[in-house]
Amino acid sequence: MFAGTLVYAIVNSFTLILLAIGFNLTFGISGVANFAYGALYVLSAYLSWMMMNLLGLPFFPSVILSILATTLFGALMYRLVLLRVRGQALSEVIATFGIGLSILELFRYLGFVGFEYTLPVFFDHSFIIAGTYIDMQRISIVVLGFLLVVLLWLFTHHTSTGLAFRGIAQDERTALTFGIDSDWIATLSVSLGAGLAAIAATIIIPLGSISPSEGYDVLIKALAVCIIGGLGSTGGVIAAGFFIGFAERFTDTYFGSHWTMIVSLIAILIVLVIKPSGLFGQQKELEERI
Amino acid sequence: MSTDNIIEIHKLTKVFGGVTAVFELDCTIKRGELLGIIGPNGSGKTTLVNLMTGFVKPTSGKILCNGKNITRMAAHKIIQLGIARTFQMVRPFYQLPAFKNMIIPLYSPRVKQMLGGRYGDRDAVALDLLEEVGFERDAYVAYKPAGALPQGYLKRLELAKAIALQPELIILDELFSGLSLAEVASIVPIIEKLRQKGKTIVMIEHRLKELFRIADRIMVLNFGCKIAQGTAEEVMASEEVKNAYLGSER
Ligand SMILES: Nc1ncnc2c1ncn2[C@@H]1O[C@H](COP(=O)(O)OP(=O)(O)OP(=O)(O)O)[C@@H](O)[C@H]1O
Ligand SMILES: [Mg+2]
């Protein structure tokens, strides 16, 4: 039982990391808390579903197109709406939450609810690892989650755009003196975050179904992971993903699933009481030193 | 437009709410000169820097760079024209090691434009630049996070970041403040070397003695207005300047 729980805890951790990484990227770079994040996740899944089931396109073109469309939607959301309220955190939250709400409730209104709304698994196959059944989709979550984290790290450390991202994240005014266009970088960060939400949906949705309420769930999970990790920190997302991921699965197995929510929330509270800025939260003292 | 002026400022005014930080200022900066700007606290020196570098948009007036109107140009575009600046309150990337602070400017559009794709090993270039401003080679300091560096090194880092951008004009906002005499003495040769390379330099300073030794020309601001300009002796002889400095000791 322990080995099985361990395997599923790892899968759960990578699921949470995939869910949170886009939200975290956007927030870390431009300071925009994108509350439409969950809606973008659901939007991309519905887009893929529609392309496959209404237009009859094959799987890969459909998901690629919907990931690109969601990425573009993120960029437009920034240029058309967020740019106007830039720097006003509350307005940004209200604007993005409003956009998210409209998307999700539109799908609900149009009747896109039911078990038939789902995406296909990549490979229909399963294995036994450590005495536990595990399917290829869950393995894909771990592999792709890991790959995505590595790619993101390489991008932010070894490309000029990635370095510009880090520059803006750490000190916008200094980055401006280097000729980095902060509005353009913020556009990219919101758009890339949206693209990551779409990628996460493509990988995770096949295990369940697409529904408007999924959008709210994803937003809450992403927020929880990012807050525990320390908003904006990639290391924090990974640590918090594992922390919550393990807490949830082990509670399931050893205490029963009705405790899962409570244990996770208590874990969150404990972290925040001990370290209010989150596990990897930035040390404000440093900035205020001089 | 005469080409020996790198910057021409006409009737520049900036009002913040009720405070007039810069008022109808006319000024030119000649190519290759070292212009010192002095004035009591709050006289508008930093605001002038912010106006020239696009961090603050003027209420009225005009700024030309090599004859080109840059009055309302965005900050990130102004550096493309070769105007680099340092901040009075140093602004490094605190979480990054000192030499990594240099990597981001080395990847910047300006450097790409100046040197094309050829830049070799950026880590090595970063360390060279730091050595140029007085970080000891092979010492630990270049690898420490900027947040752990003493003020003297932070000021040098600020200077190195500006130099990395290959600017024509470097504006140094109180580079010497907070430094010991010995530290200032060790930075002066670096500035003199930049001049030999033909850079134009503007220094905002409160450390008058050190500034007067290296500046070609001094401009004095008080309440956002230019009250004197000329050689160090000329401006210090001015009654108005004496009064401004005495007046600031309220
Ligand atoms: N962003 C701002 N908002 C409002 N007022 C400002 C702003 N920046 C500067 N000021 C005001 O403009 C005036 C000039 O300030 P500035 O910083 O340019 O002076 P300074 O000559 O650089 O002074 P110091 O020698 O202390 O650095 C001051 O009265 C200051 O309070
Ligand atoms: Mg100042």
Taking K and R as +1 and D and E as -1, what net charge do the other residues with C-beta under 13 Å from the C-beta of residue B:241 add up to? -2
Equivalent ellipsoid semi-axes for the stretch B:189-250, as square roots of 5 times the alpha carbon gyration tensor eigenvalues: give them largest first, rounded to whole Å. 25, 11, 11
Suppose every Lys and Arg Cβ carries +1 and every Asp and Glu Cβ carries -1, with no other charges. What dipole size does the protein assembly as shown come out with about its Cα centre, to the nearest 20 debye? 860
Compare A:64, A:204, A:227 in a GNM of chain A, Cα atoms joined below 10 Å, and give the one with the largest fluctuation. A:64
Under a Cβ-Cβ cut-off of 12 Å, what is the net charge of the residues other than residue A:190 that fall near it, where Lys and Arg count +1 and Asp and Glu count -1? 0
Which value, in debye to the nearest 20, gives the size of the charge dipole of chain A about its Cα centre, when Lys and Arg are +1 and Asp and Glu are -1 at the Cβ? 240
Along the dipole axis of the stretch A:2-215 (charges at Cβ: +1 for Lys and Arg, -1 for Asp and Glu; origin at the Cα centre), the most positive-end residue among A:52, A:67, A:122 is A:67
Tell me, what is the FRET efficiency for residue A:277 and residue B:208 to the nearest 0.05, using R0 = 60 angstrom and their Cβ-Cβ distance as r? 0.90
Under a Gaussian network model of chain B whose springs join Cα atoms within less than 10 Å, the largest fluctuation of B:26, B:121, B:216 belongs to B:121
Using the Kirkwood radius over Cα pairs, work out the Stokes-Einstein diffusion coefficient for the stretch B:55-108 at 37 °C and 0.692 mPa s, in µm²/s as a whole number. 245
Net charge dipole size for the stretch A:21-126 [Lys, Arg +1 and Asp, Glu -1 on Cβ; Debye, nearest 20]: 380
If amide H atoms are modeled at 1.01 Å from N in the peptide plane, then the residues at a separation of 5 or more from residue B:222, or on another chain, having amide H under 5 Å from its own are B:227
Over chain A, calculate the relative contact order: mean separation of alpha carbon pairs under 8 Å at least 6 apart, over the residue count, as a percent. 35
Using only the Cα atoms, work out Rg/Rh for the stretch A:1-79, with Rh taken as the Kirkwood radius, to two decimals. 1.10
Would you calculate a helix-derived [θ] at 222 nm for chain A, using -39,500 (n - 2.57) for each DSSP H run of n ≥ 4 and dividing by the full residue count, to the nearest 500? -24500 deg cm²/dmol
Compute the distribution of all C-alpha to C-alpha distances in chain B, in bins of 10 Å from 0, and list the percent of pairs in each, rounded to whole numbers. 7, 30, 36, 21, 5, 0
Cβ density ranking, 10 Å radius, fewest first, applied to A:102, A:13 yields A:102, A:13
State the percent of C-alpha pairs, over all pairs in the protein assembly as shown, separated by a distance greater than 34 angstrom. 49
Given the rule -39500 (n - 2.57) for each run of at least 4 DSSP H residues, summed and divided by the residues of chain B, what is its mean residue ellipticity at 222 nm, to the nearest 500 deg cm²/dmol? -10500 deg cm²/dmol
Cβ-based charge dipole, the stretch A:147-239, positive-most Cα from A:184, A:210, A:233: A:233
Length-normalised contact order of the stretch B:73-183, Cα under 8 Å, at least 6 apart, in percent, tallies to 45
Quick one: what do you get for chain A if you divide its Cα Rg by 2.2 N^0.38 Å? 1.01
Cβ-derived FRET efficiency at R0 25 Å, residue B:89 paired with residue B:188, nearest 0.05: 0.70
Test of the criteria: in the stretch B:82-124, which trypsin sites (Lys or Arg not before Pro) are in a DSSP loop and have at most 14 other Cβ atoms within 10 angstrom of their Cβ? B:118
Hey, can you list the DSSP H helices of chain A whose Cα span along the axis is 20 Å or longer and whose average Kyte-Doolittle score is at least -0.5? A:2-30, A:37-53, A:59-80, A:89-109, A:136-158, A:182-204, A:212-229, A:234-255, A:260-274
Rounded to the nearest 10 degrees, what's the angle between the helix B:122-132 long axis and the longest principal axis of chain B, both from Cα atoms, 0 to 90? 50
Pick out which of A:174, A:26, A:15 has the largest mean-square fluctuation in a Gaussian network model of chain A, springs linking Cα atoms closer than 10 Å. A:174
log10 I(q)/I(0) for the stretch A:213-253, Debye formula on C-alpha points only (no solvent), q = 0.16, 0.30, 0.34, 0.35 Å⁻¹, two decimals, reads -0.41, -0.93, -1.00, -1.01
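We did not get these values from a lab; they are worked out from the coordinates using the rules stated. This structure is a prediction, so every number in the text was calculated from the model and none was measured. Here Cβ is always computed from backbone atoms with ideal geometry, including for glycine, and neighbour counts include all displayed protein chains.
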